[in-house]
Amino acid sequence: MIKTYGYAAPDFQTNPQPFDFEHRTPGVHDVHIEIEFCGICHSDIHQARNEWGGSLYPMVPGHEIVGTVKAVGSSVTKFKVGDKAAIGCMVDSCRSCENCSAGEEQYCTNPGMVGTYNARDKQGNLTFGGYASDIVCDENYVLKVPEGLDLAATAPLLCAGITTYSPLRHWGAGEGKKVGIVGLGGLGHMGLKFSHAFGAKTILFTTSASKIEDGKKLGADEVVLTREENWHEPHAGSFDFILDCVSAEHDINPYLRLLKRDGVYCTVGLPEDPFKVAGFSIIGRKYMTGSMIGGIRETQEMLDFCAEKGIVSDIEMTSFEKLDEAWQRVVKADVKYRFVLDCRELRK
Ligand code: NAP
Ligand code: ZN
Ligand code: ZN
């Protein structure tokens, strides 16, 4: 077994506390990674606090994981000791359903992907995530970190990156398209970078006046402050695609009205409560959909794209000692634009 030092939420009311546990002894297809950095995703907080229901404890959050390969099983071909490697939101899936066969393992139907944490693996054991010193994972669910990327700033690509890259690609964000990104947090700032890099005219919608200048630097052609009255009027009926990256309850009807005929509103944000949609907001033949992370092949494609274009996340390093404060600031939308934990300190 692999002795592991981490942080776990013991229940829905308590933030993660020091927690020692064991990962399985690596099997022939497994990679053992010493974790160096792990991003803090808002989903960590939603799940630790049981905001989506069904949470499993103790919960070691973290699914934006990068580190160094410490050992590999005898059948592993993609990795060798010393390689930089990464793990995102899933560590397994059935590998045979229609979606797994299509390389969209995140949509596995049999019975579903195995989450990196807050899930049970095929043996029924709880999975433990990246707020920890080590992780063991089948090589098929491990990504290669291309050379030249800053490792700490690469961690958030494993969730915030792929979650915005995938829908922007799927719905064809690119030249000649007008794309809206709603909410400038971890996901939103990656959405801005990708939409801009794909060549789309990109508009940011934010509730934070303090983020207007950053929004432009991160790739927005225009920033709309949604706290102002009638903020939506100049853009009515003009968007091809809107990606909503907001973590909390908000009115999505104005965004639906900003779409062109056949325009698509896609949420990746997962507020606790259901959305309320007026029929009048969508009868202009508008589409409303959602998207969840991305498959392993596309996640590798995204990492390679980032290496080619020099794209990483804008991060603020933090430590386990300051985890409570970091989570509090995430909830207050006060992070520019992703916290990253230094997991190396856990091995000292
Ligand atoms: P985050 O860093 O906390 O960013 C959320 C942003 O939402 C904030 O920065 C803020 O942007 C905006 N916001 C917050 N409260 C708001 C409110 N009351 N009204 C309007 N806007 C508000 O969160 P994140 O890590 O990017 O995650 C965003 C959401 O995506 C979370 O719900 C998370 O669980 C979900 N998620 C989904 C997937 C998926 O696969 N679909 C993957 C990862 C995360 P402004 O300050 O600019 O307004
Ligand atoms: Zn996430
Ligand atoms: Zn499957």
Per-residue [θ]222 nm for the chain (sum of -39500 (n - 2.57) over DSSP H runs n ≥ 4, rounded to 500) = -5500 deg cm²/dmol
So which trypsin sites (Lys or Arg not before Pro) in region 146-186 end up in coil per DSSP with only 16 or fewer other C-beta atoms within 10 Å?
-> none
Do the alpha carbons of any pairs in Lys193/Lys217; Lys3/Lys144; Lys216/Lys276 sit beyond 20 Å of each other, and which pairs?
-> Lys3/Lys144; Lys216/Lys276
Across Thr207, Thr267, Thr164, the residue with the highest GNM fluctuation in the chain (Cα network, 10 Å cutoff) is Thr207
Those aspartates and glutamates that a straight Cα-Cα span of less than 12 Å connects to Lys80, excepting residues fewer than 8 apart in one chain | Asp30, Glu139
Stick to the Cα atoms of the chain, pair each with every other, and give me the Kirkwood hydrodynamic radius in Å at one decimal.
-> 20.4 Å
Dividing the mean separation of Cα pairs under 8 Å (6+ apart) by the residue count of region 161-290 yields a relative contact order in percent of 22 percent
Which number do you get for Rg(Cα) / (2.2 N^0.38 Å) in region 161-290?
-> 0.94
For the chain, calculate the relative contact order in percent as a whole number, restricting contacts to Cα pairs under 8 Å that are 6 or more residues apart.
-> 18 percent
For the chain, modelled as a GNM with alpha-carbon contacts under 10 angstrom, which of Gly180, Gly199, Gly39 fluctuates the most?
-> Gly199
Could you pull out the GluC sites (Glu not before Pro) across region 154-243 that fall in loop regions by DSSP (anything but H, G, I, E, B) with no more than 11 other Cβ atoms inside 10 Å?
-> Glu175, Glu228, Glu229
What ranking of Asp44, Asp121 comes out by heavy-atom accessible area, probe 1.4 Å, highest first?
-> Asp121, Asp44
Counting only protein heavy atoms, what percent of the accessible surface of the chain is carbon or sulfur at a 1.4 Å probe?
-> 48 percent
Förster radius 30 Å - calculated FRET efficiency between Asn253 and Phe12 (Cβ-Cβ, nearest 0.05) = 0.45
For the chain, what is the accessible area per residue in Å², given a 1.4 Å probe and the full set of protein chains?
-> 43 Å²
Cα convex hull volume per residue for region 48-173, in Å³, equals 145 Å³
Identify all lysines with a Cα-Cα distance to Lys322 below 18 Å; exclude those on the same chain that are fewer than 8 residues away in sequence.
-> Lys332, Lys336, Lys348
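The values are calculated or read from the model by the stated rules, or taken from the named source; none is laboratory data. In this text, all values refer to a predicted model and were calculated from it rather than measured experimentally. All Cβ positions, glycine included, derive from the backbone under ideal geometry; neighbour counts span all protein chains shown. The protein model used for the area step is the full one, side chains on, heavy atoms only, and it has no ligands, DNA or RNA in it. Shrake-Rupley method; radii C 1.70, N 1.55, O 1.52, S 1.80 Å.
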